[in-house]
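Read through the structure below, which is laid out as structure tokens, and then see the notes.
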Amino acid sequence: MAGTMATTYKKGDFSFIKDSLTRTAYTEAYTAIEKAEAWNLVAAGPGEGGFMFGGHDIKAQLAPYYVDSLGHSGSSYAWTFRSMERLAKVGWTAFVAEFIANQTK
């Protein structure tokens with residue numbers, strides 16, 4: 001069922017996420033990556049140090065576009081961008097299907 005539902009959401013529409021903070025974090029990150037045209041960079045991952053202590057090339061490229069209305073901690077930033085890395089690797093439909101399936105467990 002999650003796979004079928006996944007196709008109803010257009011790219012960038014995170015309305016399937018029940019938690020409003022997660023929805024906002026993903027929307028802001030997705031928007032910045034789109035504007036920076038940085039999906040390949042995000043898909044490659046942050047390298048040593050992860051997104052919390054590394055990933056400086058990614059942060060620098062996204063900085064002009066990234067709005068952090070939530071005031072991320074290092075941990076929540078890293079978690080958000082690790083999710084965006086997953087999205088970049090598996091594609092929108094698979095990401096949505098996985099999230100919906102895990103959200104309903």
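Computed from the coordinates by the stated procedures, all read-outs in this text should not be read as laboratory data. Not measured: the values here are computed from a predicted model. Virtual Cβ from ideal backbone geometry, glycine too; neighbours counted across all protein chains shown.
The table below lists the values:
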item	result
The range 6-33 - residue that is in a helix (DSSP H, G or I) and surrounded by fewer than 14 Cβ atoms within 10 Å (Cβ to Cβ) and, of those, farthest from the chain's Cα centre (by Cα)	S20
Complete set of residues in the range 12-27 that are of a type in the set (D, E, K, R) and in contact with a helix residue (DSSP H, G or I) (Cβ under 8 Å, 6 or more places away or on another chain)	K18
Unmet criterion (only one of (1) crowded, with 17+ Cβ neighbours inside 10 Å; (2) of a type in the set (A, V, I, L, M, F, W, C); (3) farther than 21 Å from F14 by Cα; (4) touching a Phe, Trp or Tyr at 6+ places or on another chain (Cβ under 9 Å)) for L41	(4)
Hey, A36 touching a residue at least 12 places away in the same chain (Cβ under 8 Å), in contact with a Gly (Cβ under 6 Å, 6 or more places away or on another chain) and either crowded, with 17+ Cβ neighbours inside 10 Å or on the phi < 0 side of the Ramachandran plot (or both) or not	no
Residues of the range 51-77 that turn out to be in contact (Cβ under 8 Å) with a residue 40 or more places away in the chain and either part of a helix (DSSP H, G or I) or among the small types (G, A, S) (or both), as a count	2
